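Asker: Dropping a structure here in structure tokens format, bear with me for questions.
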Amino acid sequence: MALTFVCDSPSPARRPNINYAGTFLLAISAWLLAGCQVGPSVPPAAQEPEIGTPQDSVDTVSLIRYGYMIRELTADELEAEYQAVLMQGIPDDRPELRFRLVLLLSAPQAPFYDLDRAIVLLEDYLSDRTTRTSPDIEFAGLLVELFRERLSIADNADAIDLQLNDERAQTTQLRQELQSTRSALDSERAENETLRQQLDALIALEEQISLDEVDQPEDEIQ
């Protein structure tokens, strides 16, 4: 049964703030070097490998080259490649198409970046293991683990960003309250200074009156 998708714009909150593509592809390469059996060897080529005829096992090396290739594409080129893959559908006897779509969805620079959907595609592929080869199952399982790890890191980063934003907001509020307190203290100091000046003026006036009374002749007082 072929799967079709509508091209939606994923939530930006799930998009990682750092580039995981290099680490992701290196992890897959390490998996290959660990001794996992893969499809037939493919001669080095700079061009994107052609989609082959239906086969029992995917050519993992070609898919890794494909993953490196799409890293160099612009957003418009990725969109064109994405639509080209979608137009072919995702038939059960063409697992390489499913994996290509998964790799496209996992490209952080892609406008349609959606790891959740990529995981759903892989889990659907793994749901019928009786028709899958062992290398394909291991490859799909590795991708699921890597994608979930990336989502966990992205979620943690989002939580940290929210916490930092809250702390920044609290800091801004405290600064405003501090500024308001300083303004109130300045106003109180100004009022106190005015009162002190008025008090000094009253004291000076009383002293002057006392001096005038002392200097006034007694007959004038009577």
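The values are calculated or read from the model by the stated rules, or taken from the named source; none is laboratory data. Fair warning: this is a prediction, and the values are worked out from it, not measured in the lab. Note: ideal-geometry Cβ built from the backbone for every residue, glycine included; neighbour counts use all protein chains shown.
Asker: Working carefully through the options 159, 140, 118, 184, find the one that is among the aliphatic types (A, V, I, L, M) and over 30 Å from residue 74 (Cα atoms).
Answerer: Step by step, each of 159, 140, 118, 184 is checked, and only 184 is among the aliphatic types (A, V, I, L, M) and over 30 Å from residue 74 (Cα atoms).
Asker: If I ask for residues that are over 14 Å from the mean Cα position of the chain (by Cα), surrounded by fewer than 23 Cβ atoms within 10 Å (Cβ to Cβ) and among the charged types (D, E, K, R), which ones from the stretch 99-117 would you list?
Answerer: Of everything in the stretch 99-117, those that are over 14 Å from the mean Cα position of the chain (by Cα), surrounded by fewer than 23 Cβ atoms within 10 Å (Cβ to Cβ) and among the charged types (D, E, K, R) turn out to be 116, 117.
Asker: Here's a follow-up. Looking at 124, 114, 92 in this structure, which one is at pLDDT below 85 and either touching an Asp or Glu at 6+ places or on another chain (Cβ under 9 Å) or of a type outside the set (S, T, N, Q) (or both)?
Answerer: From the options 124, 114, 92, the qualifying one is 92.
Asker: Suppose the filter is touching a residue at least 24 places away in the same chain (Cβ under 8 Å) and under 21 Å from residue 150 (Cα atoms); does residue 124 pass it?
Answerer: yes
Asker: Moving on to the next point. Among the residues of the stretch 60-76, is any hydrophobic (A, V, I, L, M, F, W, C) and farther than 21 Å from residue 139 by Cα?
Answerer: yes
Asker: While we're looking at this one, here's another question. Could you check, for the stretch 86-104, whether at least one of its residues is outside any loop (DSSP other than H, G, I, E, B), of a type in the set (A, V, I, L, M) and touching a Lys or Arg at 6+ places or on another chain (Cβ under 6 Å)?
Answerer: For the stretch 86-104, residues outside any loop (DSSP other than H, G, I, E, B), of a type in the set (A, V, I, L, M) and touching a Lys or Arg at 6+ places or on another chain (Cβ under 6 Å): absent.
Asker: Out of the residues in the stretch 123-154 that are β-branched (Val, Ile, Thr), assigned to a helix (DSSP H, G or I) and over 25 Å from the mean Cα position of the chain (by Cα), state the one that is farthest from residue 60 (Cα to Cα).
Answerer: Out of the qualifying residues, it is 130.
Asker: Further, regarding this structure: Which numbered condition in (1) at pLDDT below 85; (2) more than 14 Å from residue 92 (Cα to Cα) is the only one that residue 176 fails?
Answerer: Evaluating residue 176 over (1) at pLDDT below 85; (2) more than 14 Å from residue 92 (Cα to Cα) leaves (1) as the failure.
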